[in-house]
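Notes for the one structure printed next.
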Amino acid sequence: MNHNVTFMPQGKTITVRHGVSILEAARKAGIHIATRCGGKMGCLMCKVTLPEEQQKNLLPPKEGERRKLGSLLEKGTRLSCQSMVQHDVIVLIPEDPLKAAVRKQLEAARNRDNEDFI
C-alpha cells in the first residue's frame, strides 16, 4: 500500500510504501533533514513536527523514541528516522537554527532601514 507524505513549508509531496520512515521519504523527495547518526536515533537532530490531527498517520513511537523525546512527543515532535508512515501525512520540517538566526538578523536590519525612510 502506498501513502503520500507532504513536507511543509516546502509543499512537496512524495508517494512512499507503507512503513517507510519520514527521513527516507524526505531523502527520496530531495528534502534535507539534518542527521549525524545516519538515522540510528543517536543524534536527535532529525526532529519533525506533526499537527495534532496528523499524528495518527504515523505508526506509534517505540519505547526508544519515547525515552529520547519525552514530553516533546505530546507537542507533536517525532524523530524522522523512527517515524514510519501508515497513512497519508503532512510533516512540518523545522527551520535550521542557523538559517533562522540569519533570517531574523536580516529582517531586523531591513526593518531598521525602513524606519529611516519614515
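Ordering of 35-45, 18-28 by packing is 18-28, 35-45, highest average first (other Cβ atoms within 10 Å, averaged per residue). Averaging the sequence gap over all C-alpha pairs within less than 8 Å and six or more residues apart, then dividing by the number of residues, gives the chain a relative contact order of 33 percent. Spin-label model, residue 17 to residue 86: label points 7 Å out along the Cα-to-beta-carbon direction sit 1.9 nm apart.
Separation of the alpha carbons by more than 23 angstrom is noted, of 68/104; 12/99; 40/68; 47/75, for 68/104. For region 36-49, putting each phi into the Karplus relation 6.51 cos²θ - 1.76 cosθ + 1.60 with θ = phi - 60° gives couplings of 10, 8, x, x, 10, 6, x, 9, 6, 7, 8, 5, 10, 10 Hz, in residue order, rounded to whole numbers and with x for Gly and Pro. Dividing the radius of gyration of the alpha carbons in region 12-78 by their Kirkwood radius gives 0.93 for Rg/Rh.
Secondary-structure-derived ellipticity at 222 nm for the chain, considering helices only, amounts to -9000 deg cm²/dmol, per-run term -39500 (n - 2.57) for DSSP H runs with n ≥ 4. How much of the DSSP bridge set in the chain is antiparallel, in percent, rounded to the nearest 5? DSSP beta bridges in the chain are roughly 75 percent antiparallel.
With the largest listed first and rounded to whole Å, the semi-axes of the equivalent ellipsoid of the chain from the Cα gyration tensor are 31, 17, 13. For the chain, take the longest principal axis of its alpha carbons; what is the angle in degrees between that and the long axis of helix 97-116, to the nearest 10 within 0 to 90? The helix 97-116 is inclined about 30 degrees to the chain.
Once backbone amide H atoms are built at 1.01 Å from N, residue 58 has 86 as its partners under 5 Å, excluding neighbours fewer than 5 places away on the same chain.
Each value in this text was obtained by applying a stated rule to the coordinates, not by laboratory testing. Because the structure is predicted, anything quoted here is derived from the model rather than measured. Cβ atoms come from the backbone with ideal geometry, glycine included; neighbour counts cover every protein chain shown.
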